[in-house]
Amino acid sequence: MSGANRRYYRSILLGVAAMAALVWAAMDQFGISRREIGVSLLGILVAVAGIIVLAGVCAALWIGLRRLLRGDAEH
């Protein structure tokens with residue numbers, strides 16, 4: 001394994017560990033329940049999925065309008 005790959009995987013592992021530490025701290029220090037964290041995670045996932053879908057729709061509209069205005073209906 002090359003050094004670049006090793007650094008990449010180490011960064012991924014450290015990022016996941018840091019996120020786990022943040023969740024643990026929220027649960028332990030601030031008394032946030034697992035249910036609240038689950039609901040928050042679900043809300044975040046829905047928001048991210050919505051943003052991705054919205055970006056896809058905007059890109060499709062942009063490409064469609066560009067083709068329509070240029071007259072390239074066959075491409």
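Worth pointing out:
- Dipole magnitude for the chain: about 240 debye, using +1 per Lys or Arg Cβ and -1 per Asp or Glu Cβ, origin at the Cα centre.
- 0 to 90° range, to nearest 10: angle between helix 3-30 axis and the chain longest Cα axis: 60
- Probe 1.4 Å, protein heavy atoms only - accessible area per residue of the chain in square angstrom: 90
- Rounded percent of accessible protein surface that carbon and sulfur make up, the chain, 1.4 Å probe: 71
- For the chain: rounded, prolate or oblate by the Cα gyration tensor [a/c cutoff 1.5]: oblate
- Spin-label model, VAL23 to SER2: label points 7 Å out along the Cα-to-beta-carbon direction sit 3.2 nm apart.
- Karplus-based coupling profile of segment 42-57, in residue order and whole Hz: 4, x, 5, 4, 5, 5, 5, 4, x, 5, 5, 4, 4, 5, x, 5, with θ = phi - 60° in 6.51 cos²θ - 1.76 cosθ + 1.60 and x standing for Gly or Pro.
The values are calculated or read from the model by the stated rules, or taken from the named source; none is laboratory data. Computed from a predicted structure; not experimentally measured. Cβ coordinates were reconstructed from backbone atoms using ideal geometry, including for glycine residues, and neighbour counts include every protein chain displayed. Just the protein is used for accessible areas: all its heavy atoms, side chains included, with ligands, DNA and RNA removed. Shrake-Rupley method; radii C 1.70, N 1.55, O 1.52, S 1.80 Å.
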